[in-house]
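> Structure incoming, see below.
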Amino acid sequence: MRSHDRDLASAFDDQADRFERAPVQTDPAALAKLVAAADLPPDSLVLDAGCGPGLVAEALLSAGHRIVGVDLSHEMIDRARRRCDRFGDRATFLLGSIHDPQVGAFAPFDASVSRYVLHHIQDPVLFVARQATLLRPGGILVLSDHTTDPDPEARSWHMRVERLRDRTHTSNATPGELADLLTSVGLESVRMMEETFTLDFDEWFDRGSPQATKEAVRGLLLGGPLAHGFRPRQQADGKILIECWRATARGIKTGR
Ligand SMILES: C[S@@+](CC[C@H](N)C(=O)[O-])C[C@H]1O[C@@H](n2cnc3c(N)ncnc32)[C@H](O)[C@@H]1O
């Protein structure tokens, strides 16, 4: 396993329990919006790339699709298997990377979906290209992630905060870059949906894999520029909420 993948596996083994219960990840309205934005044909065979504890897989299975979920973290895969057990052989979960040959054995897929994975990836084009390769012609690729500000100063501050709170964080894309990633691997008819969500700073920090103290990250967060996609607001009681943006981009593999 590559060293970044080893770091990811270990970080997500440690945070799997808190991640599975986190308000942003479990929000049923957000999951319903993701399923609607994916807009998949009935009974699609879907690759859930970086499936985590199976929250997205469960939403897609409940909508009538079949799932092959893959994740580097065994704690995440164990949780996904337990969560989706009731769907029987409509759900399969594999421990490993999306680049492993075992994933290819299930191809071609009707669709591939990843949520909140891209900002942990070192080579986003490779990550998206791998999924595109595994699709049938006409297959659908859905990328959903927390986005950042195109302004270099705001973006660089946002990335510093994220990386200090989570050592496996690589980089957030802007909404436009999410769409461009799909186009760069040959997908067409790209659609984009953007929505807000709110992080509670304490809840968010406490389930991270930090490389700085909470006080240091709080200070950097409150002292930063205003950024689209990552805007802290301190409440009267001292609690900090962060107003964020998430984008979901969807493209189709033309087969040309
Ligand atoms: C933030 S979690 C998101 C989990 C899930 N998609 C969700 O939204 O609930 C990111 C997950 O991606 C997994 N991951 C990152 N890179 C991966 C790769 N190359 N192959 C498989 N899983 C990967 C990590 O192990 C982690 O569990």
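> Among what's in segment 164-198 and is of a type in the set (Asp, Glu) and more than 19 Å from Pro150 (Cβ to Cβ), pick the residue that is nearest to the chain's Cα centre (by Cα).
Looking at residues that are of a type in the set (Asp, Glu) and more than 19 Å from Pro150 (Cβ to Cβ), I get Asp166.
> Now for a separate question. Among the numbered criteria (1) in a helix (DSSP H, G or I); (2) over 16 Å from the mean Cα position of the chain (by Cα); (3) within 14 Å of the ligand (Cβ to nearest atom); (4) closer than 25 Å to Lys33 by Cα, which single criterion is violated by Val103?
The number of the failed condition is (4).
> Additional query: Being surrounded by fewer than 21 Cβ atoms within 10 Å (Cβ to Cβ), among the small types (Gly, Ala, Ser) and out of contact with any Pro (no Cβ under 8 Å at 6 or more places or on another chain) is the filter here, so list the residues in segment 126-160 that pass it.
Ala129, Ala132, Gly138, Ser156
> Here's another thing I want to ask about it. Taking the conditions exactly as written (acidic (Asp, Glu) and either in a strand (DSSP E or B) or surrounded by 14 or more Cβ atoms within 10 Å (Cβ to Cβ) (or both)), does Glu188 satisfy them or not?
Considered against the rule, which asks whether it is acidic (Asp, Glu) and either in a strand (DSSP E or B) or surrounded by 14 or more Cβ atoms within 10 Å (Cβ to Cβ) (or both), Glu188 comes out as yes.
> Any chance you could count how many residues in segment 96-121 are over 30 Å from Arg160 (Cα atoms) and among the aliphatic types (A, V, I, L, M)?
Result for segment 96-121: 4.
> Please go through segment 213-230 and give me each residue that is out of contact with any Pro (no Cβ under 8 Å at 6 or more places or on another chain) and either outside any loop (DSSP other than H, G, I, E, B) or free of Cβ contacts under 8 Å to residues at least 12 places away in the same chain (or both), ordered by number.
Thr213, Lys214, Glu215, Ala216, Arg218, Gly219, Leu220, Gly223, Ala227, Phe230
> Okay, moving on. Do we find a residue being touching a helix residue (DSSP H, G or I) at 6+ places or on another chain (Cβ under 7 Å) and part of a helix (DSSP H, G or I) anywhere in segment 231-252?
No: zero hits.
> So, Glu203, is that one acidic (Asp, Glu), out of contact with any strand residue (DSSP E or B) (no Cβ under 6 Å at 6 or more places or on another chain) and either closer than 25 Å to Leu143 by Cβ or not in a loop (DSSP other than H, G, I, E, B) (or both) or not?
When the stated conditions are applied, Glu203 passes them.
> Can you go through Asp71, Asp43 and tell me which one is of a type outside the set (Ser, Thr, Tyr), at pLDDT 95 or above and more than 9 Å from the ligand (Cβ to nearest atom)?
Exactly one residue qualifies, and that residue is Asp43.
> Could you tell me whether segment 191-198 includes any residue that is within 12 Å of Phe230 (Cα to Cα), in contact with a Leu (Cβ under 7 Å, 6 or more places away or on another chain), surrounded by fewer than 18 Cβ atoms within 10 Å (Cβ to Cβ) and modelled with pLDDT of 95 or more?
Yes.
> OK, next. Go through segment 85-98 residue by residue and tally those that are in contact (Cβ under 8 Å) with a residue 12 or more places away in the chain and over 18 Å from Phe12 (Cα atoms).
Residues meeting the conditions: 4.
> Given the options Ser97, Ser114, name the one that is surrounded by 19 or more Cβ atoms within 10 Å (Cβ to Cβ), among the hydroxyl-bearing types (Ser, Thr, Tyr), in a loop (DSSP other than H, G, I, E, B) and within 8 Å of the ligand (Cβ to nearest atom).
The unique qualifying residue is Ser97.
> Could you please find all residues in segment 1-37 being closer than 21 Å to Phe201 by Cβ and surrounded by fewer than 17 Cβ atoms within 10 Å (Cβ to Cβ)?
Correct list: Asp14, Asp17, Arg18, Arg21, Pro23, Thr26, Asp27.
The values are calculated or read from the model by the stated rules, or taken from the named source; none is laboratory data. The structure presented is a predicted model; accordingly, all values stated were derived computationally and were not measured. Cβ coordinates were reconstructed from backbone atoms using ideal geometry, including for glycine residues, and neighbour counts include every protein chain displayed.
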